Amino acid sequence: MACKRGALIVLEGVDKAGKTTQCQKLLQALQQSGRPVEMMRFPDRSTTIGQLISAYLQKKSDLEDHTVHLLFSANRWEMVPLMKKKLEQGITLVVDRYAFSGVAFTGAKPGFCLDWCMKPDVGLPKPDLVMFLQLSPVEAALRGQFGEERYETSSFQRAVQQKFEHLMKDPSINWQVIDASKSVDDVHKDITTHSLNTINTAHNLPLGELWK
Ligand code: ADP
Ligand code: 2DT
């Protein structure tokens with residue numbers, strides 16, 4: 001019998017919502033329960049494309065806005081063969097940011113429509129679950145100062161949040177809004193519940209294509 005596929009689980013949210021903390025905790029919990037699981041994050045700064053993106057984010061280089069958008073998308077596409085292979089092998093992937101960040105961040109720049117921003121990511125592996133860690137700007141500010149990277153300002157993050165809210169109206173995506181203002185452990189419990197349900201149902205479903 002062919003092995004059951006893994007689930008594609010994505011965590012999204014604005015800066016400091018707790019995505020990285022929760023991806024790591026989910027990874028550990030699933031590993032401890034004996035489930036095959038790996039974590040990925042986008043941008044993946046380790047590749048040649050990822051290094052161009054990283055230099056841009058660190059303001060060591062400037063890139064034209066459409067160009068960097070397409071690089072972020074290319075950085076996902078270059079991982080698709082590996083993602084598909086792992087999912088087929090039964091490995092669940094826990095992913096820190098995906099195409100939704102791509103659309104929300106570029107879409108928050110002047111002169112960009114969401115429709116254009118979505119196009120390059122059409123057909124990517126479709127997540128079985130996208131958890132949006134919801135946190136107000138006031139609560140995010142309490143978690144520390146913004147860093148030095150591009151996009152790390154409260155006004156830009158508010159614009160990004162609005163774009164995420166628009167994306168979350170799309171019923172073709174299994175969005176779950178998570179109250180990220182709770183304690184780390186309570187957020188983890190909510191995320192684990194949704195993830196286990198998804199892993200069990202994804203086993204029997206074909207992997208979808210995003211926004212197709
Ligand atoms: P993100 O990846 O969304 O930017 P992080 O996981 O890096 O967020 O968390 C940002 C900061 O907030 C870190 O200092 C982290 O320890 C803290 N943090 C994460 N989750 C919580 C929580 N539920 N309550 C309070 N602080 C948190
Ligand atoms: P972190 O590495 O701290 O998550 O910051 N971004 C991300 C985009 O603009 N487009 C994308 O497609 C993705 C995945 C969000 C990465 C920064 O890059 C932004 C914050």
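A few notes on this one:
- Criterion applied to SER73, SER54 was being at negative phi, without any contact (Cβ under 8 Å) to a residue 60 or more places away in the chain and touching a Lys or Arg at 6+ places or on another chain (Cβ under 6 Å), and the one residue passing it is SER54.
- Residue within region 57-67 that is at pLDDT below 95, within 16 Å of ligand 1 (Cβ to nearest atom) and surrounded by fewer than 22 Cβ atoms within 10 Å (Cβ to Cβ) present: no
- Close pairs (7 angstrom Cβ cut-off, 6 or more residues apart or separate chains): of a type in the set (Asp, Glu) in region 188-212, surrounded by 11 or more Cβ atoms within 10 Å (Cβ to Cβ) and at pLDDT 95 or above anywhere: ASP190/ILE178; GLU209/GLY123; GLU209/LYS126
- For region 3-24, the candidate set comprises residues that are surrounded by fewer than 19 Cβ atoms within 10 Å (Cβ to Cβ), touching a residue at least 40 places away in the same chain (Cβ under 8 Å) and closer than 30 Å to THR153 by Cβ; within that set, the residue that is nearest to ligand 2 (Cβ to nearest atom) is THR20.
- Any chance VAL130 is of a type in the set (Val, Ile, Thr) and assigned to a helix (DSSP H, G or I): no
- Restricting attention to region 26-51, the residues that are without any contact (Cβ under 8 Å) to a residue 24 or more places away in the chain, in a loop (DSSP other than H, G, I, E, B) and surrounded by fewer than 16 Cβ atoms within 10 Å (Cβ to Cβ) total 3.
- Restricting region 103-127 to residues that are touching a residue at least 60 places away in the same chain (Cβ under 8 Å) and part of a loop (DSSP other than H, G, I, E, B), the residue that is surrounded by the most Cβ atoms within 10 Å (Cβ to Cβ): PRO127
- Every condition in (1) within 16 Å of ligand 1 (Cβ to nearest atom); (2) under 18 Å from the mean Cα position of the chain (by Cα) is met by ALA29 except one, and the failing one is (2).
- Residue count, region 154-183 (criterion: within 16 Å of ligand 1 (Cβ to nearest atom), more than 17 Å from the chain's Cα centre (by Cα) and surrounded by fewer than 12 Cβ atoms within 10 Å (Cβ to Cβ)): 1
The values are calculated or read from the model by the stated rules, or taken from the named source; none is laboratory data. Treat the numbers as computed from the prediction; the structure is a model and nothing was measured. Note that we place each Cβ from the backbone using ideal geometry, even for glycine, and neighbour counts take in every protein chain shown.
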